[in-house]
Every structure is written in C-alpha cells, then in structure tokens.
Amino acid sequence: MTYSLMIHGGAGALEDLKYEAGESEFRTSLLEILAQGRQRLEAGASALDVVEFCVMLLEDNPLYNAGRGSVLNGQGQVEMDAALMNGSDLRAGGVTCIKNVKNPIAVARLVLEQGDHVLLAGEGALEFAQAAGAELRENDYFLTEARLKQLAEAQAAGRMTLDHERVKPGQSVGRAVGRALGQAGEPAIAQRPAPTEKLGTVGAVAMDRQGNLAAATSTGGLVNKRWGRVGDTPVVGAGVYADNETCAVSATGYGEQFLRTVFAKTLSDFVQFQGMSAQDAAQAAVDYLVRKVDGDGGAIVIDQAGRCGSAQSTSGLIRGWIEQGGEAVCKLG
Ligand code: ASP
C-alpha cells in the first residue's frame with residue numbers, strides 16, 4: 001500500500017511575516033521535514049510515529065509557534081499544548097499548559113502509550129513528563145528575541161494577539177474573536193485584534209503503508225493569553241482527530257472558535273456521514289466554522305483513501321504534502 005503525509009505551520013495572513021525571515025525559510029523547512037517523514041513511511045514506520053516525528057522537528061524550529069520559539073503568555077512564560085491521536089483504535093494523548101519540556105508532542109505520545117488518561121495539565125503533566133524521562137529545558141531555551149518583542153507590543157496595546165499579529169494602538173476589536181469571546185462572557189483582555197495574521201501552530205497527519213491514519217498538533221497558543229488558558233490544540237475533536245474509518249485532521253486558528261465548533265470531529269463527520277473526500281470535508285468544515293462563529297483558521301486532512309486536503313478562512317495556511325507517495329508539494333497561500 002502507498003502512504004501520504006501532510007504537515008502545517010499555521011494559518012493566517014502571510015503578507016506580514018514580521019517575525020520571520022520569509023517564505024523561503026518556511027518552504028525549506030517544510031520540504032526537509034516531508035523528506036524525512038517520507039523516508040520513515042517508505043521504510044514502514046507507523047503513521048503515529050511519523051506524525052510525532054514531524055511535529056517534533058517543527059517544535060525544534062523556532063520559526064514556528066510550538067516548542068522552542070513558542071509565543072509568550074501574559075506573564076511572559078511559555079505554556080504549551082499538544083496532542084496526537086491514532087486512527088486504528090482512537091487512542092489519544094495530550095498535554096496542556098505544560099512548561100519546560102523540549103517536545104510537548106513526545107510527552108503527549110507518552111500519555112497515549114501509558115493509556116490511563118488522555119489529557120494531562122500543568123504541573124501534573126510536567127511531573128509525568130519528568131518521571132517518564134522526557135527531555136527538559138530551562139526557560140531560556142524557549143525564548144527568542146522576537147517573542148519578547150511581540151509580547152511587549154501586545155501588552156503595550158493591551159491585547160491578546162495571534163502569532164505574527166500587527167499590533168496597532170486603536171485597532172478595532174476582531175470581527176470574529178471579539179464577538180466569540182465576548183459572547184462567552186470572558187473579557188480577560190479588553191480588546192482583541194482583527195484576526196488577519198498568520199498563526200504559527202504546527203501539525204501533521206499521515207497514512208502509513210498499512211492504511212492507518214494518525215494526527216498530531218502542537219502550539220504555544222496565543223500571544224499574551226491568560227495563564228492557564230487551554231486552546232483547541234490539545235483537545236481531541238477540536239484541534240486534532242484521527243479515525244481510520246474517516247480521516248486524520250490537524251487544525252490551526254483561534255482556539256476558542258475551534259473548541260466551540262468541535263472542529264476536527266465535525267470535519268471527520270463530513271467524511272463519515274456524507275461520504276466526502278478530504279478536500280470537500282476540509283472545505284465544508286471551514287464553511288461551517290465561518291457560518292457558525294465567523295471563525296478564523298484552517299486545517300489539513302488525509303482521508304482513508306490517502307487523499308490530502310486543506311482549507312482555511314484566513315488568506316494563508318503554511319502547508320506541505322505528499323499524496324499517495326507522490327511528489328512533495330508546498331503551499332503558503
Ligand atoms: N489554535 C491555537 C490556539 O488557539 C493557535 C494557533 O493555531 O496558532 O491555541
């Protein structure tokens with residue numbers, strides 16, 4: 001049987017890669033990771049191993065908002081979320097609000113393998129990671145100049161922002177996020193900006209040569225978020241989902257909107273109950289996200305036939321894929 005692999009580095013507008021070196025760096029890193037993932041899939045590695053591996057590489061690259069280079073919360077700290085899911089038996093593992101682990105997705109994998117729980121949070125998650133021998137790093141490892149500057153700008157403007165947000169004093173409240181969070185009655189931060197910029201969360205989905213699907217997602221979340229905030233990324237059915245009968249999904253966008261629409265499972269349901277392909281289901285789920293909560297973000301998908309698909313409501317989604325063993329392709333828009 002053939003294999004497929006798809007990875008992403010976040011959704012948003014790519015016009016202003018203010019904290020990045022530029023498009024070519026994204027393309028180079030995506031193609032490198034796809035090549036390494038392909039090697040493993042060709043050699044017979046499981047989809048679960050490969051999505052974990054690819055996300056670890058993305059976490060290690062400070063270009064992305066996950067692992068090293070994660071955005072900072074309101075206290076200037078890195079608090080990370082990650083989860084992965086195995087499509088053959090619906091086993092899943094995740095961590096949320098975890099600090100100081102080099103690769104949150106590797107800890108999520110340990111949670112999955114340990115099997116008693118699906119999602120561990122904060123200090124409990126860190127203690128679990130330490131006991132399991134996960135690699136730890138001091139705070140300095142995660143911090144980059146760009147992230148400190150980004151937080152200072154967000155705080156000066158009194159806002160919670162996306163990764164790579166343009167923060168301008170006096171900017172209007174975001175069309176979707178201001179409304180979505182306002183409705184939820186949680187005005188933690190007075191103003192929320194227009195969600196027009198790139199998000200930097202990372203993810204991977206794969207189908208291995210046995211036809212098994214898996215999905216993984218990892219993030220530092222939102223800039224200047226309230227400490228203890230949990231986004232969609234570590235929540236099964238919101239930011240990540242995999243079922244061999246349907247598809248594997250990794251999402252990126254404003255987490256609160258993806259939680260409220262149970263986004264990844266909704267996408268999977270379009271495959272399950274309407275017989276859609278990966279591409280049609282991705283588009284249908286994003287249409288639903290926009291219709292229900294005016295949501296901002298996107299997703300990558302591989303269906304049970306190994307077809308790749310993606311859709312976004314933002315102007316860009318950084319992604320690359322290998323469909324059914326074919327050539328590696330990258331797209332940012
Ligand atoms: N979904 C992530 C979160 O809300 C952010 C992102 O995708 O960039 O934490």
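Any read-out appearing in this document is the output of simple, stated calculations on the displayed coordinates, not a laboratory observation. Treat the numbers as computed from the prediction; the structure is a model and nothing was measured. As a convention, Cβ positions derive from the backbone with ideal geometry for all residues, glycine included, and neighbour counts pool all protein chains shown.
Table for the structure above
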read-out: Cα-projected label distance for residue 324 with residue 141, points at 7 Å along beta-carbon direction, nm; value: 4.2 nm
read-out: Overall form of the stretch 67-134 per C-alpha gyration tensor (a/c, 1.5; a/b vs b/c); value: prolate
read-out: In order through the stretch 325-333: 3J(HN,Hα) via Karplus (6.51 cos²θ - 1.76 cosθ + 1.60), integer Hz, x for Gly, Pro; value: x, x, 5, 7, 10, 10, 9, 10, x
read-out: Unit charges at the beta carbon, dipole of the chain: most positive-side option, 11, 214, 233; value: 11
read-out: Pairwise label distance in nanometres, residue 24 with residue 89, each label 7 Å out on the Cα-Cβ vector; value: 4.7 nm
read-out: Proximal charge balance of residue 270 [Cβ under 12 Å; K/R count +1, D/E count -1]; value: -3
read-out: 11 Å beta-carbon shell around residue 52, net charge (K/R +1, D/E -1); value: -1
read-out: Relative contact order for the chain, counting Cα pairs under 8 Å that sit 6 or more residues apart, in percent; value: 26 percent
read-out: Residue-count net charge about residue 239 - beta-carbon cut-off 9 Å; Lys, Arg +1, Asp, Glu -1; value: -2
read-out: Per-residue Cβ neighbour rank within 10 angstrom, fewest leading, 136, 259; value: 136, 259
read-out: Which of 217, 246 has the fewest Cβ neighbours within 10 Å, and the rest in rising order; value: 246, 217
read-out: Global geometry of the stretch 265-333, whether rounded, prolate or oblate, following the gyration tensor of its Cα atoms and the 1.5 cut on a/c; value: oblate
read-out: Pair residue 35, residue 130: separation of 7 Å Cα→Cβ label points (nm); value: 4.0 nm
read-out: Computed [θ] at 222 nm, deg cm²/dmol, the chain (DSSP H ≥ 4; -39,500 (n - 2.57); rounded to nearest 500); value: -10000 deg cm²/dmol
read-out: For the stretch 45-99: rounded, prolate or oblate by the Cα gyration tensor [a/c cutoff 1.5]; value: oblate
read-out: Taking 265, 331, 225 and counting other C-beta atoms within 10 Å, the order from fewest to most; value: 331, 265, 225
read-out: Contact order relative to length of the stretch 93-146, as percent, for alpha carbon pairs under 8 angstrom and 6 or more apart; value: 42 percent
read-out: Amide H within-cut-off set for residue 91, under 5 Å, with H built and near neighbours excluded; value: 86
read-out: For the chain, the longest site-free run once GluC sites (Glu not before Pro) in DSSP loop states with at most 16 other Cβ atoms within 10 Å are removed; value: 16-134
